[in-house]
Amino acid sequence: MEFVTSLFTSANTWLTENFGDLGPLLIIGVLGMFLVLLTLPILLKKEKDPFDQLRNDARAGAKQEGDGPRLRRGNGARGNKLDKYSSFLEPQDEKAYSDTRLKLLQAGYRSKDAVRTYHFLQFLLGIAFLVLGALYAIYASATGEPSLQALIGSVLIPGIVGYMLPKYWVTKRQQARQEEITNGFPDSLDMMLVCVEAGQSLDQAIIRVSKEIKAGYPALAEEYELVANEMKAGKDKTCVLRDMSERAGVPDVASFVTVLIQSASFGTSISEALRVFSAEMRDKRIMRAEEKANTLPTKLTLATMMLTVPPLLIILIGPSIYDIAVTLSDFSPGGGF
């Protein structure tokens, strides 16, 4: 017992001398982190399902016959490797899974394993940044004596940043894609109206518009191509249009889908509905441009004050301040008076 106590005391003394007063605490934290990383594969290991072999055999047979389904973007070997961790990486709540899936769809990620990959990146980056923060905390303890709050912050803040980084990236992609769809939607409606009035059907007009706007608005062209392919496959037109509205997440597209559905339901002319709606979209785009132009003076006010007022004050008040300083120095005990 005395030997164990002396050994513990000597180890504590060595850690304190080399890593500071918080050296033992940091070592315990690092060891605990590595133990968690070692036990995660065991906890996440999924027992082999007998039905998996049947599915693999069916996929192999379909591939040999040449009529197997094509793999979509991102659905490859990486997705298969993450299958056994699906219960951990995918939300078990149906609403949470649907919300994440919809957000990834609106950001342009349509692969089957997009949700799984998204949560895997969150977990991986969170652990990686947490380890980097722990290494930095050990280095800071060895070279100085930081406070406990600084050490905890240097470990936790990188981990939180790494965990939130995929969410931030997906949110930015979603916003950029929705902005691109909003900007290109009025032009696409004008092209669609011209195609419909020229005698083409709505399906043909959508295909033509998707080809024409692909260079300028690839996200909107991709949505139109998907709509055209689903209509060719025989899917109900109403469901196709509603799916497009949900994937885009833009109010203008939702209004356009509602107009087309109502036009088909009541039997009115599609060209007339497109003419009225395209004119409304053009007016709405002009109003958005005017709104941005009207907010520009307000945004420039702060910059104008910061860049104009300080130099003006220096020019106007500077000489007076200099004269006052010279006068006060003359009246000082070491001056001439």
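All of the numbers you see were taken from the coordinates with simple rules; none came from a lab. Quick caveat: nothing in here was measured; it's all calculated off a predicted structure. Glycine gets a Cβ as well: all are built from the backbone with ideal geometry, and neighbour counts include every protein chain shown.
For the residue pairs Lys103/Lys167; Lys211/Lys232; Lys95/Lys235, alpha carbon separations beyond 19 Å are given by Lys95/Lys235. Ordering of 313-319, 108-114, 228-234 by packing is 108-114, 228-234, 313-319, highest average first (other Cβ atoms within 10 Å, averaged per residue). Seen from Leu193, the other residues with C-beta closer than 14 Å to its C-beta sum to a net charge of -3, counting Lys and Arg as +1 and Asp and Glu as -1. The base-10 log of I(q)/I(0) for segment 228-299, evaluated at q = 0.14 Å⁻¹, reads -0.57 [Debye formula, identical scatterers on Cα atoms, solvent excluded]. Where does the Debye-calculated log10 I(q)/I(0) of segment 104-144 sit at q = 0.22, 0.32 Å⁻¹, using only Cα point scatterers of equal weight, no solvent? Each listed q maps to, in turn, -0.71, -0.96.
Would you work out the charge dipole size for segment 177-286 about its Cα centre, treating the Cβ of every Lys and Arg as +1 and the Cβ of every Asp and Glu as -1, and quote it to the nearest 20 debye?
Numbers: 13 positive and 18 negative charges, 23 e Å.
The dipole magnitude comes to about 120 debye.
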